[in-house]
Amino acid sequence: MSSPPFHPGLAALTDRYDAFIVDLWGVMHDGVSAFPAAVAALEALRAAGKRSIILSNAPRRADVITARNVELGIPADLPDALMSSGEDTWQHLKTRPDAWYRALGRRCYHLGPERDFGMREGLDLDFIDDLGEADFILNTGNLSSDDSVEVYRDFLDRALQLKLPMICANPDLLVLRGESREICAGALALDYEQKGGAVRWHGKPHPEVYRSCFALLPGVPAARIAAIGDSLRTDVAGAAAAGIDSIFIAGGIHGEELGVDSEGKIDPGSYSAFVRAAEPKPTAVLPFMRW
């Protein structure tokens with residue numbers, strides 16, 4: 001397969017699609033402030049009659065994320081809708097729609113920082129502090145921004161001994177916050193799963209969260225929908241599994257590896273090697289989310 005085409009901005013691709021499922025962190029903002037060019041791109045999509053849904057691997061409910069977006073500089077009404085891995089998780093805990101969820105008990109150990117406590121609200125669960133008394137673990141992420149997986153080694157080993165199922169509310173492994181990188185819930189869950197723990201994943205790249213997005217786009221065929229994101233593991237792979245095209249943002253989490261500069265120029269050698277190794281490959285590549 002030939003390398004996916006590299007375009008300077010989204011304007012070159014809009015005729016192909018009627019709707020876009022857009023990643024949040026690394027595409028629309030860096031955790032500190034919104035990218036003005038990305039906000040302008042969403043505005044341009046709306047002006048062109050296109051629909052947009054923000055899909056975030058964030059372990060918080062949709063209304064919380066929307067409020068935070070406003071603080072960062074993304075208007076609440078700019079995307080047509082917002083879906084998150086946290087919202088998907090909460091809905092499953094609330095409705096228990098399948099056998100796996102119905103088999104869970106009610107005693108939950110929540111692994112996550114206080115900012116994620118909104119995930120506890122409105123659920124018929126007992127949140128406990130003793131792992132030995134828990135029926136399952138709700139993993140929304142590490143407690144401190146500078147933590148590594150090894151900080152949680154004793155906790156994860158104890159959970160394995162107890163054979164506790166884990167719900168991961170954010171499959172991302174890493175996130176960029178300004179200039180720093182932080183691990184996410186997915187890094188802890190992946191370590192747990194690789195050592196034999198049972199994990200239920202919510203969010204990208206898992207297909208059910210895309211089905212939730214499709215339900216918000218009635219009448220739009222999959223062939224006219226594209227996902228935009230900066231992660232091969234979640235955004236590109238998730239789009240491929242869901243049967244839609246993907247537009248890879250090279251200047252996001254892989255920006256340094258690809259040699260993307262502030263103007264959006266990319267190192268040709270790094271890009272060529274990167275896309276050769278990428279599987280699945282994105283449909284197209286942009287330097288940043290911009291028009």
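What follows draws every value from the coordinates through simple rules; no lab data is involved. Quick caveat, the model's predicted, so the values are computed rather than measured. Cβ atoms come from the backbone with ideal geometry, glycine included; neighbour counts cover every protein chain shown.
Can you tell me how region 4-78 classifies by the Cα gyration tensor, rounded, prolate or oblate, using a/c under 1.5 as the rounded cut? Please report the intermediate quantities before stating the final value.
Numbers: a/c = 1.83, a/b = 1.67, b/c = 1.09.
Verdict is prolate for region 4-78.
Under 20 Å Cα to Cα from K163, which lysines show up? Leave out anything in the same chain fewer than 8 places away. Counting by Cα, and skipping residues close in sequence, K163 has these lysines nearby: K195. Collect residues whose amide H, placed 1.01 Å from N in the peptide plane, falls under 5 Å from the amide H of H110; neighbours closer than 5 in sequence don't count. Sorted by chain and number, the residues that satisfy this are I128, L138. For region 142-149, backbone phi angles converted through the Karplus equation (6.51, -1.76, 1.60; θ = phi - 60°) give residue-by-residue couplings of 6, 7, 10, 5, 9, 6, 10, 4 Hz, Gly and Pro being listed as x.
In a reduced charge model with +1 at each Lys and Arg Cβ and -1 at each Asp and Glu Cβ, the chain shows a dipole moment near 860 debye about its Cα centre.
3J(HN,Hα) couplings calculated from phi for region 105-117 with the Karplus curve 6.51 cos²θ - 1.76 cosθ + 1.60 (θ = phi - 60°) are, in sequence order, x, 10, 9, 10, 9, 9, 9, x, x, 4, 5, 9, 5 Hz; Gly and Pro show x. Computed from point charges on the beta carbon alone (+1 for Lys and Arg, -1 for Asp and Glu), the dipole magnitude for region 100-201 about its Cα centre is near 400 Debye.
Note down the relative contact order for region 100-201 as a percent, whole number, built from C-alpha pairs under 8 angstrom at least six residues apart.
26 percent.
Of the trypsin sites (Lys or Arg not before Pro) in region 143-242, the ones in a loop by DSSP (not H, G, I, E or B) with at most 10 other beta carbons within 10 Å are K163. Residues whose amide H comes within less than 5 Å of that of I21, counting only those at least five positions distant or on another chain, are I53, A226, A227, I228 (H built at 1.01 Å from N in the peptide plane).
How would you rank 247-259, 6-18, highest first, on the average number of other Cβ atoms within 10 Å across their residues? Each step should come with its number before you reach the end.
Details: 247-259: 20.8, 6-18: 16.2.
Ranked by mean Cβ neighbours within 10 Å, highest first: 247-259, 6-18.
When the Cα positions of L217, H202, Q91 are compared along the charge dipole of the chain, L217 comes out farthest toward the positive end, with charges on each C-beta of Lys, Arg, Asp and Glu. Computed packing ranks the peptides 267-276, 77-86 as 77-86, 267-276, most packed first, by mean other Cβ atoms within 10 Å. Distances between every pair of Cα atoms in the chain, grouped in 5 Å steps from 0 to the bin holding the largest one, split as 1, 5, 12, 17, 18, 16, 13, 9, 5, 3, 1, 0 percent. Quick one: grab the alpha carbon gyration tensor of region 191-291, order the square roots of its eigenvalues as a ≥ b ≥ c, and give me rounded if a/c is under 1.5, else prolate or oblate depending on whether a/b is larger than b/c. The shape class here is oblate.
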